[in-house]
Every structure is written in C-alpha cells, then in structure tokens.
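Since the structure comes first, as structure tokens, the remarks are kept for the end.
The values are calculated or read from the model by the stated rules, or taken from the named source; none is laboratory data. What you are looking at is a predicted structure, and each value in this text was computed from that prediction instead of being measured. No Cβ is skipped: glycine too gets one built from the backbone with ideal geometry, and neighbour counts run over all protein chains shown.
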Amino acid sequence: RILVLDYGSQVTQLIARRVRDTGVYCEIHPGDVDDDFIRSQQAQGLKGIILSGSHASAYADESLKVPAAVFQAGVPVLGICYGMQSMALQLGGQVEFSDHREFGYAEVRAHGHTRLLTGLQDFETPEGHGMLKVWMSHGDRVTALPPGFKRMASTPSCEIAGMADEERGFYAVQFHPEVTHTVQGQAILERFVTEICGCARDWNMPDYVAEAVARIREQVGSDEVILGLSGGVDSSVAAALIHKAIGDQLTCVFVDHGLLRLNEAEQVMNTMSRHLGIRVIHVDAGEQFLSKLAGVADPEAKRKIIGREFVEVFQTESAKLKSARWLAQGTIYPDVIESAASKTGKAVAIKSHHNVGGLPETLNLKLLEPLRELFKDEVRHLGLALGLPPEMVFRHPFPGPGLGVRILGEVKPVYADLLRRADDIFITELRNTIEPESGKSWYELTSQAFTVFLPVKSVGVMGDGRTYDYVVALRAVQTTDFMTADWAELPYSLLKRVSSRIINEVRGINRVTYDVSSKPPATIEWE
Ligand code: XMP
C-alpha cells in the first residue's frame, strides 16, 4: 500500500484517486501522524509515501513538519510542492520563503535520467531538451539541494523544480502531478507507485470489501449499530457494507418524510429489506412532517422544520434500540473537508451531513463511517459489488428535504402528489431515451434532473374546454462538482414527449416549461 500524508492541499484527494486509478491501494492520513504510526504502516506492508502540497508555507508551522520516520522507513518517498520543500528543509537543503503564491501553467525541463521522469515528455526543445507541460505552484522554493540529491527538473523562474536522491528513493517535484493540467501527471504517479515503489496493480473491489468488513468487525465487536437510511447511494452502500460485516447487529431507520418520489419508499424497502435482508425500520412520518410544514413558505424555514423533525423522529426511534452503541453514516471522502478553523489550519473535519445534521452530538453514540476514504465513483462500484441494483447505485442525488424544496412556497399534499407523477414521467423518459452517438440514456448523460412544482395557475385549452391549472418546470443539469452546472441541451423531441405526457396524464397540470438557467447565477434547486 501507499500512504499519502496530507498537509492540507485542496488537491490531496486527487493524489489518492490517481494512485487508486493505477490499481494500487492507498490511504490518506493527516500529515502530523507520529513516528509510531509510520512504523505501524511499515508492519502492514507499506511500499511508499507521498507528501502532499499545502496552503501553508514550509516555514510557517512547526506542527506541519513531516514525521522523521518517513525518511527512515526504507521506502521511496515522493514530495509534491510543499512536500518537496519540507523534504529539502528536513534533509539539509535550503528553501527561500515568499508570501506570494501563484499557480499556473509552466513548461518544465527534465534533467538527467531519473527513474521518475526518463522517457516522459510532452515535447522537445530545438536544443533537444525533454519538456513537460505542468501545473506549477510558485512561491516558496528550494534554493539548495540537500546532500545526496541531484536536480531533476527546472524552469526559468524555478531553478530546482524537481530533485531526486535515487539511492534512497527520494523524489520531489515542485509542480502538481495529480492535476489533469499536468499532462504526464498520471504517468509520473504511476511510475512512482509501480516501478519505484514496486506495488502490484492488484487493488480491486472484492479485496476492499473483505478488508472493510474485517475493519468494521474489529471496530464494533459485538455492539449494535444504528444507521439512518435515506435511500440515497451513500447511506445504502454503507448499510449494505455494514450488514455484510455484522448482519443483524445493524438496524437501519428509514425516516419517510412524505416528500419522497413516486414509489420511492417501497423501492427502498424492497431492495434493502426484502432483497438484501437488512433489518430496516420504516417510519412513515409523512403526516407529521406535512402538518408541521403547513402555512410555511420560506425555503430556509422549510429546511429547518424538515431537519428538526427528522432529528426528532430519528431520536425517538433510536431510543427504542436501547443496546445501540454506534451511529453509522454514509460520509464519503468529499464530505470530509479541510477546516481552516483548526489550530494548524490543515486538520480534517466533517461537514455536517445534509441529511442527518446534528445527530451524533445529541445521540451520544460513537460514529462509524466506513466510506470515509472513498470517492463517489468508488462508492458506486462498492455498491455494485455488494449487490445493490445499478438503478440505485447510479441514481442522481436527491436533496435531504426532498420534494419539500421542489414545491415552491407552501408544501401541500395535493401539490406533492401532482409533482410526484409529473417527475416520474420526466425521469422515465430520460431513462428510456438513448442518445445515439454515446449509446447512453439522457438520464446517464445528465448529473441531476427533476421537476419543480410552481404554485401558479395558467390558462389552457383542452378539448372544448378552458383549463386553469398548475405549471411545472423541468430542470436537467450537467456538472462534475455541483458547484457550477450547465443546463442540459436535451433534444426537443424528448422535451416534447415529456410535456405532452405530463399534460395529458397528470390532470391538474396544463403547462410545462424547461429551465434554461446555469449555475451560477441560478442554483440547481429552485429553493
Ligand atoms: P444547489 O441548489 O445549491 O444544489 O445548486 C447543489 C446540490 O445540493 C443539493 N441540495 C441539497 N441537498 N439538502 C441536501 O441534502 C439540501 O437542503 C439541499 N439543497 C440543495 C442539490 O440537490 C444539488 O445536488
């Protein structure tokens, strides 16, 4: 395995992702682990260490020092950006500090023949120098090599953009091989982990499942575990994994707030309870939620009410499970974010989970988060390996407050009913319409798609009669990170079919619109 030590760079998770993409298992741990931790990793088959970049300066903070055991572990070490500067400083080189930090495209010249960079190049200069197109981080830089090192790369503004002590297996680069702007980045990381560290490309999902199962068993022993199941990918995969490890020691509480999609509660119960045999308590709390929401139109007020009721219902149910000692959550790696608030400015903190915010503190249970190290696509693969159906595993995200934020203004049961039926038609048509060039359905080609209920009436005509009914908006977006998003250019023929089906089949809706707003300035949800 490869160990990635995190010094707080925002792209640390990309290092892990690239290493795993080569089929090599790796784990990210905070950069200030102690020497004993490094030694315990050695005992578990550690093959190499990667030191990440950081927002900090190598000079700024004593507590961000790389543990000395890293350089004594007898395994290759790759330092990236901050990791390079720390390596230089701690091994006897010199670093020039600067307050000014800049990131950008650069062309780096590779010097000599190091095992890391030999043969990798994007182009050659007229003088015959091999050049790499990279994403550089300028700022602090190494000005003198530590003893035993030679220069591996340079740019006009950064004399030492890479260094290596091949005898000890220490390599370092000032640029970021983990970002896609560095064209040979994947090749460089691949070469480090496979050729230099000698890792076999044998990491795969079944092995991961076995390891994760063993870890969960060790962690919880014979204790009972409770998990809030939402029907979304993360909580479902967490449930399936924990169930595989400890069977009926796991109880899931599925709080149905009455704002789910058409037949969603049944599908969740079918898959999780009947198909996988997981013990699930289905709490049908629709009436309670809807009565609390009556008369409330403000989006944030609605969110608060739904969140509060959720906690209350969950607490009531979990109080019945007197022997539960653990609360399991489907927190995944992107939910685990850096917190600038911490003393060192680099510690990792949990973002309050959308769907179960506030639960851990009030329940007095220990937290079990078996997906903490995984990226979304890895969670999906894990879900498939555990036998969850692809429709569930590849489902678009659905907000915790559900249709509560897709019915604009006050939530009324009749609105929810109309919206559910219209949305089901939209999603079914997206799933059934294949885009010929890619061979994928429009559901797969969009990142999130749904229908929004507008509580306004418009005039229409149907048969011989005039109608005066509600309006819905269709929303479909494409995005990778949900921070920015483009509206999807769905084919007119598809929009036409959806519109005509909704107006004909859902009595009470006589007008369908398509939302052509990007994020920003619009958001994905309407509320
Ligand atoms: P926006 O609307 O902010 O949405 O562009 C970005 C992503 O977040 C989801 N979202 C929520 N998820 N509780 C959730 O669990 C919420 O209150 C909530 N609001 C928005 C949204 O569906 C999209 O995927």
Please indicate, with yes or no, whether at least one residue in region 8-27 is more than 29 Å from the chain's Cα centre (by Cα) and among the small types (Gly, Ala, Ser).
-> no
Sort out for me the helices (runs of 4 or more DSSP H) sitting completely within region 10-104 that have 2 or more residues that are without any contact (Cβ under 8 Å) to a residue 60 or more places away in the chain and not polar (S, T, N, Q).
-> 35-43
Hey, any hits in region 313-333 for a residue that's in contact with a Lys or Arg (Cβ under 7 Å, 6 or more places away or on another chain) and polar (S, T, N, Q)?
-> yes
Scan of region 398-457 for residues that are assigned to a strand (DSSP E or B), within 16 Å of the ligand (Cβ to nearest atom) and among the polar types (S, T, N, Q), ordered by number | Gln448, Thr451
So how many residues does region 298-340 have that are more than 16 Å from the ligand (Cβ to nearest atom) and touching an Asp or Glu at 6+ places or on another chain (Cβ under 8 Å)?
-> 7
Screening Gly258, Gly295 for residues that are assigned to a loop (DSSP other than H, G, I, E, B) and surrounded by fewer than 16 Cβ atoms within 10 Å (Cβ to Cβ) leaves only Gly295
Return a yes/no flag: does region 502-520 have any residue that is in a loop (DSSP other than H, G, I, E, B), more than 16 Å from the ligand (Cβ to nearest atom), among the β-branched types (Val, Ile, Thr) and surrounded by 14 or more Cβ atoms within 10 Å (Cβ to Cβ).
-> yes
Can you find even one residue in region 205-224 that is in the same structural domain as Thr331 (by TED's automatic domain parsing), of a type in the set (Ser, Thr, Tyr) and assigned to a strand (DSSP E or B)?
-> no
Taking Leu120 and the conditions (1) touching a Lys or Arg at 6+ places or on another chain (Cβ under 8 Å); (2) at pLDDT 95 or above; (3) of a type outside the set (Val, Ile, Thr), which numbered condition does it fall short on, given that it satisfies the others?
-> (2)
What is the residue count in region 481-501 for residues that are within 16 Å of the ligand (Cβ to nearest atom) and aromatic (Phe, Trp, Tyr)?
-> 2
Any chance region 108-115 includes a residue that's surrounded by fewer than 14 Cβ atoms within 10 Å (Cβ to Cβ), among the β-branched types (Val, Ile, Thr), at pLDDT 90 or above and out of contact with any helix residue (DSSP H, G or I) (no Cβ under 8 Å at 6 or more places or on another chain)?
-> no
Gly383 is checked against (1) outside the structural domain of Glu300 (by TED's automatic domain parsing); (2) buried (at least 18 other Cβ atoms within 10 Å of the Cβ) and fails just one. What number does that condition carry?
-> (1)
Considering only residues that are in a helix (DSSP H, G or I) and within 23 Å of Trp442 (Cβ to Cβ), look in region 382-397 and name the one that is farthest from the ligand (Cβ to nearest atom).
-> Leu384
